[in-house]
């Protein structure tokens, strides 16, 4: 929804009523899942949902900027630059201002674990981000951001595998999200 609103307000994105309905329907499903929490009722800690709203605003800004100003740039270059801007200062901090190397030396499996984390981040985050940026360039920021509506579904599935409750309201929230994605794609 933020991608759509920012796109209309600041990036001259045209919209149709089905896109608008799809965005609000998907948002309603995501809000329903946030409000239900892990207890299966409306007693969850919804304040953490505000962090999701903040993340969605940042996400919306990113997709619109890429769709409007970086459409011709390589998605691998965009992904590399964005992770380099974050990663290089954090590595300097980690190595210079913490006892990271000392802690790594204390555990024999620490370097192997770090290696797996690096592989996961390169394949699961950097490569996925490059593919996502390519999707933005080939379609539109609004369509590509509908992928984010699927994240609560994936999180819910992981929760089920972890033993969390699932009820009809959760299924209704998932149905709203999928209906919103369908409508916004039309």
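The values are calculated or read from the model by the stated rules, or taken from the named source; none is laboratory data. Here the structure is a predicted model, which is why all the values come from computation and not from measurement. When we count neighbours, we look across all protein chains shown, and the Cβ atoms used for this are built from the backbone with ideal geometry, even at glycine.
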Subset of segment 27-49, residues more than 15 Å from residue 155 (Cβ to Cβ) and modelled with pLDDT of 70 or more, comes to 27, 28
Does segment 136-153 contain any residue that is at pLDDT below 85, assigned to a helix (DSSP H, G or I), exposed (fewer than 13 other Cβ atoms within 10 Å of the Cβ) and out of contact with any helix residue (DSSP H, G or I) (no Cβ under 9 Å at 6 or more places or on another chain)?
no
Going through (1) under 27 Å from residue 70 (Cα atoms); (2) at pLDDT 85 or above; (3) more than 19 Å from the chain's Cα centre (by Cα) one by one, residue 183 fails only at (2)
If we keep only residues of segment 54-84 that are over 20 Å from residue 121 (Cβ atoms) and exposed (fewer than 13 other Cβ atoms within 10 Å of the Cβ), then the residue modelled with the highest pLDDT is 72
Pairs returned, first residue in segment 162-178 that is at negative phi, second residue that is loosely packed, with under 15 Cβ neighbours inside 10 Å and assigned to a helix (DSSP H, G or I), beta-carbon separation under 6 angstrom, 6 or more apart or interchain, are 166/160
Considering only segment 114-130, I want to know if a residue exists there that is in contact with a helix residue (DSSP H, G or I) (Cβ under 9 Å, 6 or more places away or on another chain), in a helix (DSSP H, G or I) and either touching a residue at least 60 places away in the same chain (Cβ under 8 Å) or exposed (fewer than 11 other Cβ atoms within 10 Å of the Cβ) (or both). no
Restricting attention to segment 161-175, the residues that are within 27 Å of residue 22 (Cα to Cα) and in a helix (DSSP H, G or I) number exactly 8
